[in-house]
Amino acid sequence: MLQVRVPILITIFVGVFMILKFFFHVPFIKGVADELEQWCLVAFAMAIVLGVANILRINLRVVMKRRKDWPYKIVLVFSMLVMAGVGLFDLITRGDVSVGSRFQYLFEYILTPLSATVFALLAFYISSAAFRAFRARNIRAALLLISASLVMIGRVPLGAAISGTLPKLADWIMAVPNTAGQRGLIIGAAMGVIATGLRIIFGIERPYLKGE
Amino acid sequence: MGSERRKALSRYRYFLPLIFVVFCISRPLTIAGETETAKEAVFHREHLNVLVALIVFCAFFFYFLFRSRKGRALYLRKIPGIRAIEEAVGRATEMGKPVLFVPGIDDIDEIQTLAGIAILSHVARIVARYDSSIIVPTRKSIVMTVCEETVKESFTAAGRPDAYRGDNIRYLSDDQFAYTVGVDGIMLREKPVANIYMGAFYAESLILSETGFSSGAIQVAGTASLSQLPFFIAACDYTLIAEEFYAASAYLSKDPKVLSSIKASDYFKIVTILVLVAGIILVNVKPEWVEMFKFWF
């Protein structure tokens, strides 16, 4: 019971103060809520240690037992240790990891290009997903195909060259039916947020605790 | 000896939260004393509409909670995407392959992540019941810890604590695309036959779901990130859209207390629609009331 009640009490305490802070301008409430937010930040920062421990535990075990794909795990652990090591070394020798540091060099010339490469793959994935989504299998899919084609043609210079109506039509599709649909989703999602928030604050839904 | 120690501990069960409360309150109390001179409105008037909405929602919520406690059944319409989850886990069991569950890429302070973790607990329970396995790659270390506890509790609740594998709950990277590549790697190397994406997603949504599609897995997604919904709809077999995603855990749990919150949001939606219609009529009849309606919405 101790393992269930204590986290629920803490959740209720934190949740109620956050709600009160949103509605009331009382220095005491604001102070407590701000203090709790600080605690959250500290907890977030501390949790990175758990993440690093998880990476080391899982991957080193695979390497030790020579399980499938173990060389990749060495690359992963090595990369993590190099980045952390270089960062710490810079902190000790320079006092920061800003522009000109070795850490920044690794970040800018290895991590950023790799991230950009993965992000660039999105263009190809959009093409393949659009190819499947735009097959007119039924009336709804056909409507999607027609409206998407109109928006795409209307948003490029070619559309305006064909007819001045096409860009206006594309804007109308985006501003009226599209916005109406999105607002409906937003209203529904907002209610889902309130319902989920209340379930968590009152401890009705607590999947991470015993006794659920 | 063990039970005596537990008894002694349970005597002090409220001691820990008490210390927490005292510690949190003590410093702001002194700050409040020092800044007492500030003269500002106690209530944020601009949030009055939210307060009224919250009170109405809570009224519905507690009414349905009370009704459910009396034993009255609450009906929920069938959502194909949620029913597909069990089907997907069943297929994974038949093929002897794992289920991949991605709880989004945001941290634990994002409500979508919490909703995703609530769904994870039910998925993990189904996985445990079917004697299959589940892989949960996470982008945030706190999310990883919560997922570990959630999956462990689900396996215990399903009567299979021995089947829980801690190594399957993995922290990959805080970097968005490093995480994406890590999940893609799991899809291509470990070949899960069911990919379930539940949480907050950004640019990586299509990269993940297209890789999953190319690996031939059944894919079920759920998110309230509106800009990513079209990608999931295009690439996944089933997609839970916004409020369906938030309702999924209640739907899966069948717990009357949890279902009451879904019922409350349905009734609140009716109220919202009525207010919107009234607003449209009033704004057209009396245009000078536009400002008043802007205040409420």
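The values are calculated or read from the model by the stated rules, or taken from the named source; none is laboratory data. It should be emphasised that the depicted structure is a prediction, and the values quoted were computed from it without experimental measurement. Quick reminder, even Gly has a Cβ in these numbers, built from the backbone with ideal geometry, and neighbours come from all protein chains shown.
Here the condition is being outside the structural domain of A:V151 (by TED's automatic domain parsing), touching a residue at least 12 places away in the same chain (Cβ under 8 Å) and not hydroxyl-bearing (S, T, Y); of A:F124, A:F119, A:F103, it holds for A:F103 alone.
Residue-by-condition table, conditions (1) of a type in the set (A, V, I, L, M, F, W, C); (2) in contact with a Lys or Arg (Cβ under 6 Å, 6 or more places away or on another chain):
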| position | (1), (2) |
| --- | --- |
| B:S154 | no, yes |
| B:D184 | no, no |
| B:V193 | yes, yes |
| B:L208 | yes, no |
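Of all residues in region B:136-154, those that are more than 8 Å from chain A (Cβ to nearest Cβ) and surrounded by fewer than 22 Cβ atoms within 10 Å (Cβ to Cβ) total 2.
In region A:181-192, the residues that are in a helix (DSSP H, G or I) reach residues that are aromatic (F, W, Y) and surrounded by 14 or more Cβ atoms within 10 Å (Cβ to Cβ) with C-beta atoms within less than 9 angstrom, at least six apart or across chains, in these pairs: A:G188/B:Y246; A:A189/B:F245; A:A189/B:Y246; A:M191/B:F57; A:M191/B:Y246; A:M191/B:F268; A:G192/B:F245; A:G192/B:Y246. For region B:75-86, does any single residue satisfy the condition of being under 27 Å from A:Q38 (Cα atoms) and within 14 Å of chain A (Cβ to nearest Cβ)? Checking region B:75-86: not a single residue is under 27 Å from A:Q38 (Cα atoms) and within 14 Å of chain A (Cβ to nearest Cβ). Inspect all residues belonging to region A:99-118 and state whether any of them is polar (S, T, N, Q), touching an Asp or Glu at 6+ places or on another chain (Cβ under 7 Å), in a loop (DSSP other than H, G, I, E, B) and more than 11 Å from chain B (Cβ to nearest Cβ). Checking region A:99-118: at least one residue is polar (S, T, N, Q), touching an Asp or Glu at 6+ places or on another chain (Cβ under 7 Å), in a loop (DSSP other than H, G, I, E, B) and more than 11 Å from chain B (Cβ to nearest Cβ).
Of the residues making up region A:32-79, those that are outside any helix (DSSP H, G or I) and more than 9 Å from chain B (Cβ to nearest Cβ) number 3. Could you check, for region B:237-256, whether at least one of its residues is more than 22 Å from the chain's Cα centre (by Cα), within 11 Å of another protein chain (Cβ to nearest Cβ) and surrounded by fewer than 21 Cβ atoms within 10 Å (Cβ to Cβ)? No, there is no match, as no residue in region B:237-256 is more than 22 Å from the chain's Cα centre (by Cα), within 11 Å of another protein chain (Cβ to nearest Cβ) and surrounded by fewer than 21 Cβ atoms within 10 Å (Cβ to Cβ). Looking across region B:46-89 at every residue that is exposed (fewer than 14 other Cβ atoms within 10 Å of the Cβ) and of a type in the set (G, A, S), the one that is farthest from the chain's Cα centre (by Cα) is identified as B:G71.
Could you tell me how many of the residues in region A:8-31 are part of a helix (DSSP H, G or I) and either hydrophobic (A, V, I, L, M, F, W, C) or touching a Phe, Trp or Tyr at 6+ places or on another chain (Cβ under 8 Å) (or both)? Qualifying residue count for the region: 15. Looking only at residues in region B:100-135 that are among the β-branched types (V, I, T) and more than 22 Å from A:G188 (Cβ to Cβ), the one that is farthest from the other protein chains (Cβ to nearest Cβ) is B:V102.
Close Cβ contacts (under 9 Å, 6 or more residues apart or on different chains) running from residues in region B:285-297 that are closer than 24 Å to A:G184 by Cα and modelled with pLDDT of 75 or more to residues that are aliphatic (A, V, I, L, M) and part of a helix (DSSP H, G or I) comprise B:W289/B:L282; B:W289/B:V283. All told, A:V63 meets the bar of being surrounded by 12 or more Cβ atoms within 10 Å (Cβ to Cβ) and either β-branched (V, I, T) or at pLDDT 95 or above (or both). Give me a count of the residues in region B:221-236 that are in contact with a Lys or Arg (Cβ under 8 Å, 6 or more places away or on another chain) and more than 7 Å from chain A (Cβ to nearest Cβ). Residues in region B:221-236 being in contact with a Lys or Arg (Cβ under 8 Å, 6 or more places away or on another chain) and more than 7 Å from chain A (Cβ to nearest Cβ): 0 in total.
Can you tell me how many residues in region B:262-284 are over 30 Å from A:G197 (Cβ atoms) and modelled with pLDDT of 90 or more?
From region B:262-284, those over 30 Å from A:G197 (Cβ atoms) are B:281-284; that's our starting set.
Subset that is modelled with pLDDT of 90 or more: none.
Qualifying residue count, region B:262-284: 0.
For region B:89-106, filtering for residues that are touching a residue at least 40 places away in the same chain (Cβ under 8 Å), assigned to a helix (DSSP H, G or I) and more than 25 Å from B:A200 (Cβ to Cβ) leaves 3.
Only a single criterion out of (1) within 9 Å of chain A (Cβ to nearest Cβ); (2) closer than 18 Å to B:A115 by Cβ is not satisfied by B:Q176, namely (2).
Within region B:110-153, being among the polar types (S, T, N, Q), free of Cβ contacts under 8 Å to residues at least 40 places away in the same chain and assigned to a helix (DSSP H, G or I) holds for B:S141, B:T145, B:T150. For B:I111, the requirement of being of a type in the set (V, I, T), on the phi < 0 side of the Ramachandran plot and within 16 Å of the chain's Cα centre (by Cα) is met. Counting just the residues of region A:192-208 that are under 15 Å from A:F17 (Cβ atoms) and within 7 Å of chain B (Cβ to nearest Cβ), which one comes out modelled with the lowest pLDDT? Step by step, filter region A:192-208, then rank; the result is A:I200.
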